[in-house]
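The values are calculated or read from the model by the stated rules, or taken from the named source; none is laboratory data. Everything numeric in this text was worked out from a predicted model, so none of it was measured. A quick note on method: Cβ atoms are made from the backbone with ideal geometry, for glycine too, and the neighbour counts reach across all protein chains shown. Please note that ligands, DNA and RNA were not included when accessible areas were found on the heavy atoms of the full protein model with its side chains. Shrake-Rupley method; radii C 1.70, N 1.55, O 1.52, S 1.80 Å.
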Amino acid sequence: MIMKKILIAIFALCLLNSCDKDSLDVSSDEFKSSEMKRSVDPKTEGVTVPFKSNFYTEQEGDIDMGACEGDVIGLNTQVGGGNATHLGKFTTVMTFCMNFDESDQENFAKYWAVDGKFIAANGDELWFTVSGQVILYPPGTHPFYVAYFDDEFTFLGGTGRFLGAIGSGYTNSFTNFAHTDHNWTGTLTLLKGN
């Protein structure tokens with residue numbers, strides 16, 4: 001019995017000594033990421049859900065031609081509302097710069113620097129940004145809309161249950177420039193516990 005314990009102890013020592021310290025790199029990214037995975041607080045892990053919306057926007061006030069850089073670039077403010085998954089009934093406000101130079105067809109109706117938010121009935125806000133270009137339909141193509149845009153949007157967090165939210169999708173929007181109907185779809189990742 002004693003001999004068996006001595007043999008097990010010798011085997012264990014040999015096994016420990018055979019481990020090459022250089023092969024265990026605790027500074028490696030692989031080691032750090034596995035350590036981080038084990039130490040993640042479950043309340044901060046996100047859950048990704050589909051995002052679907054149906055809403056409208058209309059121009060608020062006049063386009064401010066002096067607010068963006070360039071003589072033919074104007075600051076547009078849109079307001080509206082509708083319904084969306086995880087928001088319910090909401091209102092929205094978005095401002096963005098837009099190229100109004102009709103002589104430059106390649107850049108006409110490009111928009112960028114969108115600062116947007118969806119505001120749920122309880123006041124929680126979901127922030128987003130988007131950039132792209134409004135594409136004109138050929139004349140007479142549609143009885144109500146004159147243009148459309150289908151550009152990628154990105155969620156940038158928010159307040160309340162949307163704190164730390166991320167995600168993205170596509171705009172799928174149709175406009176006559178006075179009124180725009182939107183059917184944005186994508187995914188939304190919410191932090192657990194929000």
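Residues in the stretch 169-194 that are within 11 Å of the chain's Cα centre (by Cα), open to solvent by 40 Å² or more (accessible area, probe 1.4 Å) and over 16 Å from TYR56 (Cα atoms): how many?
Number of matching residues: 1.
Residue by residue through the stretch 95-150, note down the ones that are of a type in the set (Val, Ile, Thr) and not in a loop (DSSP other than H, G, I, E, B).
Selection gives THR95, VAL114, ILE119, THR129, VAL130, ILE135.
What are the residues in the stretch 151-167 that are part of a strand (DSSP E or B) and closer than 23 Å to TYR56 by Cβ, if any?
Residues satisfying the conditions are GLU152, PHE153, THR154, PHE155, LEU156, GLY158, GLY167.
On the basis of being buried (at least 17 other Cβ atoms within 10 Å of the Cβ) and either out of contact with any Lys or Arg (no Cβ under 6 Å at 6 or more places or on another chain) or without any contact (Cβ under 8 Å) to a residue 12 or more places away in the chain (or both), does ALA113 make the cut?
Answer is no for this residue.
The rows are residues; the columns are (1) more than 14 Å from PHE55 (Cβ to Cβ); (2) not acidic (Asp, Glu).
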{"position": "LEU87", "(1), (2)": "no, yes"}
{"position": "ASP104", "(1), (2)": "yes, no"}
{"position": "ILE119", "(1), (2)": "no, yes"}
{"position": "THR129", "(1), (2)": "yes, yes"}
{"position": "GLY132", "(1), (2)": "yes, yes"}
{"position": "PRO139", "(1), (2)": "yes, yes"}
{"position": "HIS142", "(1), (2)": "yes, yes"}
{"position": "ASN172", "(1), (2)": "no, yes"}
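Check whether at least one residue in the stretch 77-94 is β-branched (Val, Ile, Thr), part of a strand (DSSP E or B) and over 19 Å from the mean Cα position of the chain (by Cα), and report yes or no.
Yes, because at least one residue in the stretch 77-94 is β-branched (Val, Ile, Thr), part of a strand (DSSP E or B) and over 19 Å from the mean Cα position of the chain (by Cα).
I'd like the full set of residues that are under 23 Å from the mean Cα position of the chain (by Cα) and surrounded by fewer than 19 Cβ atoms within 10 Å (Cβ to Cβ), limited to the stretch 95-104.
THR95
Answer yes if at least one residue in the stretch 168-185 is under 20 Å from GLU45 (Cα atoms) and modelled with pLDDT of 95 or more, and no otherwise.
Within the stretch 168-185, one or more residues are under 20 Å from GLU45 (Cα atoms) and modelled with pLDDT of 95 or more.
Output the residue which, of all residues in the stretch 133-161 that are on the phi > 0 side of the Ramachandran plot and modelled with pLDDT of 95 or more, is surrounded by the most Cβ atoms within 10 Å (Cβ to Cβ).
Here the answer is GLY158.
What pairs come up if the first residue lies in the stretch 155-175 and is basic (Lys, Arg), the second is open to solvent by 60 Å² or more (accessible area, probe 1.4 Å) and outside any strand (DSSP E or B), and their beta carbons are under 6 Å apart, counting only those six or more places apart or on different chains?
Final answer for the pair search is ARG161/ASN194.
Among the residues of the stretch 66-85, write down those that are at pLDDT 95 or above and open to solvent by 70 Å² or more (accessible area, probe 1.4 Å).
Within the stretch 66-85, ASN83 is the sole residue that qualifies.
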